[in-house]
Amino acid sequence: MRNYLALLIFVLVVSACDENVDSINPISSLEIIQTHKFKTEFEHNAFTDIIHFKEKLFVCHRASDKHVFGENGKIIVHQSTDSGASWKQIACFEQNGVDLRDPKFVLNEQGILYLYIHGSVYQNRELLGFLDYRYTWNESTNNWGPKEKVSLNNSETYNEGWPWRINWDQDTAYVFGYGSNLFDLYFSLDGLNFSKANLNIDLEELPNEVTIRLHNGSYYALGRVGSGDAVLLTSNNPLNKWELVDYIPWVNIGGPDFLFYEHNNMIIGGRMWSDDKQEQFLTLANYDLQTKSFRLLIDLPGKRDLGYPGLNIIDQNLVVSYYATLESTTNVFFVELNLN
C-alpha cells in the first residue's frame, strides 16, 4: 500500500528546516517548506489544531504528563506572526478538577475567532462527565476573552456528549457529539447553547469523532469508526437527513480533519496504522468526490501515540499541526507543504 523509500531531497529539506524533526516519509512529491517542533515543560503534548487568522498562525494543543489518567490536561496556544518561522506561547488554560482536551479553533461567519475546549471529569479513573468551554479572541489586546460555558441539550451540570469540531454556517453552529450509546448532531444560534437534532443515521457502526465542512452549498462530514473504515456523509439539510457518500479505506482514523482543495478534491489528515499494525503514522491523503478515488500523499513521522492534526490552506500551501511520540516524549509539530 505504501512506498517506504524515502527521497533524499525530502530528508534534506526537513533537516534544513528544523534539526529536531525526524525524516518524513513521502508517498507523493509534496514539497516540505518548513517544520517546527514545539518545546514545552510537559512530557505529553497532544490533540492539536491550527488556524490562519489576520496574518497570524495559531496552534493549540493539550499538555500533560500522560495521554489520559495523569495530571489534568492544560491547553496551550502558540502564535506566529512571521508565517511559521518563529513561535511564542501566548496562553495556557487550565480548569481545576477538569482534564482539558481536544481544543479546536472555530471562525464564524462574522469573522470572530473562537477557541473551544473539551473537558472530562474523572474520579479514581471513572468518567463522571463532560464539560465544554469557549474563549473569544480579542485582536486589539492580542489575547483571549473570559471563559464561557458550552451547554449541550440544556445541560445544567455535565454535557451528555463530547462535541468534536464545531462549524458555523451563516448564523448557526453545528457539531456532531458522541458518548456512551450516543451519536447526534447539535446546533446553536449563539455557539454556546446547543440543541439536539435527534437524527436517525442508517449506518452499520456509528462514528465518534466527526469533522463537518461546507462545500458548494452542501455539508460534508468525515467520521472515525472504531473498527471499520471512515465514513463520509453529506447533507443539504443537516437537521433532518444525512446520506452516505462513501466509506474511506482508513480504519479507525485518529482525529479526522479535512479540507476541500481545487473543486472536488479533499485533503484528509489523521492517524493511520501500517499494514502490519505495528506502526502508526500521521497520514495526509487525497479523496476525489467526483471519481470517489482515494490516494495517500505523505506520512509524517512518529510512533504509536500520535495523530489528531489540524489543517489549514494558505494560498497554495497546506499548514499542518499534529502530535507524535519520538524517542521518550510526545511533542507537537508544525509542517508547511506546497500543494503544487
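The values are calculated or read from the model by the stated rules, or taken from the named source; none is laboratory data. Note that the structure is a prediction, hence the values are computed from the model and not measured. Please note: Cβ atoms are built from the backbone with ideal geometry, for glycine as well, and neighbour counts cover all protein chains shown.
Which one of these is within 14 Å of F130 (Cβ to Cβ) and of a type in the set (G, A, S): S151, S188, S195?
On inspection, the qualifying residue turns out to be S151.
State which residue pairs qualify: first residue in contact (Cβ under 8 Å) with a residue 12 or more places away in the chain and inside the range 196-213, second residue of a type in the set (D, E) in any location, beta carbons under 7 Å apart, and separation of 6 or more residues or different chains.
K196/D184; A197/D184; N198/D184; L199/D184; T211/D257
Of all residues in the range 319-334, which are aliphatic (A, V, I, L, M), touching a Gly at 6+ places or on another chain (Cβ under 9 Å) and surrounded by 22 or more Cβ atoms within 10 Å (Cβ to Cβ)?
Going through the range 319-334, the residues aliphatic (A, V, I, L, M) turn out to be 319-320, 324, 326, 332.
Those left that are additionally touching a Gly at 6+ places or on another chain (Cβ under 9 Å): 319-320, 324, 326.
If the condition is that a residue be aliphatic (A, V, I, L, M), touching a Gly at 6+ places or on another chain (Cβ under 9 Å) and surrounded by 22 or more Cβ atoms within 10 Å (Cβ to Cβ), then V319, V320, A324 are the ones that fit.
Can you tell me which residue in the range 45-75 is surrounded by the most Cβ atoms within 10 Å (Cβ to Cβ), limited to those that are hydrophobic (A, V, I, L, M, F, W, C) and touching a Pro at 6+ places or on another chain (Cβ under 9 Å)? Talk me through it step by step, then tell me what you get.
Quick first cut of the range 45-75, residues hydrophobic (A, V, I, L, M, F, W, C) only: 46-47, 50-51, 53, 57-60, 63, 68-69, 75.
Adding the requirement that they be touching a Pro at 6+ places or on another chain (Cβ under 9 Å) leaves 47, 50, 60, 75.
Working: F47: 28, I50: 24, C60: 26, I75: 24.
Per the criteria, the residue is F47.
Just to check your reading of the model, which residue among D288, D257 is surrounded by fewer than 16 Cβ atoms within 10 Å (Cβ to Cβ), modelled with pLDDT of 95 or more, under 17 Å from R213 (Cα atoms) and not hydroxyl-bearing (S, T, Y)?
Values: D257 fails: surrounded by fewer than 16 Cβ atoms within 10 Å (Cβ to Cβ).
After applying the criteria, what remains is D288.
In the set P163, P146, which member is at pLDDT 95 or above, under 23 Å from F93 (Cβ atoms) and either among the basic types (K, R) or under 21 Å from the mean Cα position of the chain (by Cα) (or both)?
Values: P146 fails: either among the basic types (K, R) or under 21 Å from the mean Cα position of the chain (by Cα) (or both).
Exactly one of P163, P146 is at pLDDT 95 or above, under 23 Å from F93 (Cβ atoms) and either among the basic types (K, R) or under 21 Å from the mean Cα position of the chain (by Cα) (or both), namely P163.
Can you name the residue in the range 216-232 that is part of a loop (DSSP other than H, G, I, E, B) and either touching a residue at least 24 places away in the same chain (Cβ under 8 Å) or of a type in the set (A, V, I, L, M) (or both) and, of all such residues, is surrounded by the most Cβ atoms within 10 Å (Cβ to Cβ)? Before you say what the answer is, go through the steps one by one.
Filtering the range 216-232 for residues part of a loop (DSSP other than H, G, I, E, B) gives 216-217, 224-228.
Next, only the ones that are either touching a residue at least 24 places away in the same chain (Cβ under 8 Å) or of a type in the set (A, V, I, L, M) (or both) stay: 224-228.
Working: R224: 23, V225: 21, G226: 11, S227: 7, G228: 15.
If we take residues in the range 216-232 being part of a loop (DSSP other than H, G, I, E, B) and either touching a residue at least 24 places away in the same chain (Cβ under 8 Å) or of a type in the set (A, V, I, L, M) (or both), then R224 is surrounded by the most Cβ atoms within 10 Å (Cβ to Cβ).
For residues that are β-branched (V, I, T) and assigned to a loop (DSSP other than H, G, I, E, B), scanning just the range 31-76, find the one that is farthest from V332 (Cα to Cα).
First pass over the range 31-76, keeping only residues β-branched (V, I, T): 32-33, 35, 40, 48, 50-51, 59, 68, 75-76.
When the remaining residues are screened for being assigned to a loop (DSSP other than H, G, I, E, B), the result is 40, 68.
Values: T40: 9, V68: 17 Å.
So the residue we want is V68.
Identify all residues within the range 99-124 that are closer than 20 Å to N45 by Cα and surrounded by fewer than 19 Cβ atoms within 10 Å (Cβ to Cβ); write none if there are none. Give the steps one after another, and end with the answer.
First pass over the range 99-124, keeping only residues closer than 20 Å to N45 by Cα: 99-105, 115-122.
Of everything in the range 99-124, those that are closer than 20 Å to N45 by Cα and surrounded by fewer than 19 Cβ atoms within 10 Å (Cβ to Cβ) turn out to be V121, Y122.
Counting only residues that are of a type outside the set (V, I, T) and assigned to a strand (DSSP E or B), which one in the range 190-215 is farthest from L107 (Cα to Cα)? Let's see the steps before the verdict.
Residues of the range 190-215 of a type outside the set (V, I, T): 190-200, 202-209, 213-215.
Filter once more, keeping what is assigned to a strand (DSSP E or B): 193-196, 213-215.
Values: N193: 17, F194: 17, S195: 20, K196: 22, R213: 12, L214: 13, H215: 16 Å.
In this case the residue turns out to be K196.
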